[in-house]
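Single-structure report; data block below.
The values are calculated or read from the model by the stated rules, or taken from the named source; none is laboratory data. Keep in mind that this is a model prediction, so the values were computed, not measured. Because the Cβ atoms are built from the backbone with ideal geometry, glycine has one as well, and the counts that use them run over all protein chains shown.
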Amino acid sequence: MNSNNKTKSILVRYGISTLGLIVVALGVGLSIKSNLGIAPLSCIPTVLSLKFPAISVGTFTWAFNLLFIVIQAFILKKDFKWSHVMQVLPIFIFGYLVDGAIWLFDALHSPATNYVVQILLCLLAVVLTAVGIRLEVVGQGWILPADSTLHVITQRTGAKFSVVKVIMDVVLVAITVALSLLFFGLLTGSAETNVVREGTLIQAILTGLCMHVTDPFLNRWLEPVVARHL
């Protein structure tokens, strides 16, 4: 592959991955707008931002994800490389994409109060998240620290990815509930914003199932692009 083709390949890869980050960020913003609970990975940054509103959800998102890089360093020890440190860049980008998505949906409407609308917004967030994750994977560009940490744990322990993912989700939600009780005296978040509710369970369970439906459609579009440029 000559230098021009290599440069084009890199641009296409990271373009697809960045599009994936944008779509996932829109899913996070929409789940917050649904006010029915959000995906486990975004719960802790959101509840912290509710307590300390001067700091945005996006800022807490990238700061919180730095912990995943520390966890990787602890597990990998001598095998921890500079490539793992480079995960800081995509999570920094993603954090501020989340802020942009929240700003966009805040500008459109106040949080949903009609339960049917809340469910629909939550389901749309599931679809966006499923599509965004597939774009990230196919692009083979950005790797978010949480996803990388799951792979590191599964490789070192031999446990199934799905089992590790469920354990991580449960731990994140449990920490969120504890923080919510400490900060607001409520299990679900603040009086105005629900962080943990049925929407959290919906997104945790349905996102993977949704990918079984959306992935084949995305592959029909993405595979020709990948074959030409990657």
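Starting from residues that are buried (at least 16 other Cβ atoms within 10 Å of the Cβ) and not aliphatic (A, V, I, L, M), keep the ones in segment 97-119 and report whichever is nearest to residue 151 (Cα to Cα).
99
Which residues, taken from segment 181-205, are part of a loop (DSSP other than H, G, I, E, B) and among the small types (Gly, Ala, Ser)?
The answer is 185, 190, 191.
Which condition does residue 78 not pass, out of (1) on the phi < 0 side of the Ramachandran plot; (2) modelled with pLDDT of 90 or more, if it passes all the others?
The number of the failed condition is (2).
Taking the stated definitions as given, is residue 31 among the hydroxyl-bearing types (Ser, Thr, Tyr) and surrounded by 18 or more Cβ atoms within 10 Å (Cβ to Cβ)?
Against the criterion (among the hydroxyl-bearing types (Ser, Thr, Tyr) and surrounded by 18 or more Cβ atoms within 10 Å (Cβ to Cβ)), residue 31 qualifies.
Pull up segment 177-209, narrow it to residues that are more than 13 Å from residue 40 (Cβ to Cβ) and free of Cβ contacts under 8 Å to residues at least 60 places away in the same chain, then point me to the one that is nearest to the chain's Cα centre (by Cα).
209
Consider residue 58 carefully, then state whether it is of a type in the set (Gly, Ala, Ser), touching a residue at least 24 places away in the same chain (Cβ under 8 Å) and surrounded by fewer than 17 Cβ atoms within 10 Å (Cβ to Cβ).
no
Which of the residues spanning segment 153-172 are buried (at least 18 other Cβ atoms within 10 Å of the Cβ) and closer than 24 Å to residue 97 by Cβ?
Listed by number, the residues that qualify are 165, 169, 172.
Residues 66, 30: which one is more than 17 Å from residue 142 (Cα to Cα) and of a type outside the set (Phe, Trp, Tyr)?
The conditions single out 30.
Which numbered condition trips up residue 93, out of (1) free of Cβ contacts under 8 Å to residues at least 60 places away in the same chain; (2) surrounded by fewer than 22 Cβ atoms within 10 Å (Cβ to Cβ); (3) among the aliphatic types (A, V, I, L, M)?
In the conditions (1) free of Cβ contacts under 8 Å to residues at least 60 places away in the same chain; (2) surrounded by fewer than 22 Cβ atoms within 10 Å (Cβ to Cβ); (3) among the aliphatic types (A, V, I, L, M), residue 93 misses (1) alone.
Does residue 29 satisfy being modelled with pLDDT of 90 or more and not in a helix (DSSP H, G or I)?
Considered against the rule, which asks whether it is modelled with pLDDT of 90 or more and not in a helix (DSSP H, G or I), residue 29 comes out as no.
What number of residues in segment 91-127 are under 20 Å from residue 44 (Cβ atoms), at pLDDT below 85 and either within 15 Å of the chain's Cα centre (by Cα) or of a type in the set (Asp, Glu) (or both)?
The number of residues fulfilling the criteria is 0.
Tell me whether segment 132-151 contains one or more residues that are within 26 Å of residue 33 (Cα to Cα), of a type outside the set (Asp, Glu) and surrounded by fewer than 15 Cβ atoms within 10 Å (Cβ to Cβ).
Checked against the condition, which is being within 26 Å of residue 33 (Cα to Cα), of a type outside the set (Asp, Glu) and surrounded by fewer than 15 Cβ atoms within 10 Å (Cβ to Cβ), segment 132-151 yields no hits at all.
What are the residues in segment 73-90 that are over 17 Å from the mean Cα position of the chain (by Cα), assigned to a helix (DSSP H, G or I) and either free of Cβ contacts under 8 Å to residues at least 12 places away in the same chain or within 21 Å of residue 43 (Cα to Cα) (or both), if any?
73, 74, 77, 78, 79, 82, 83
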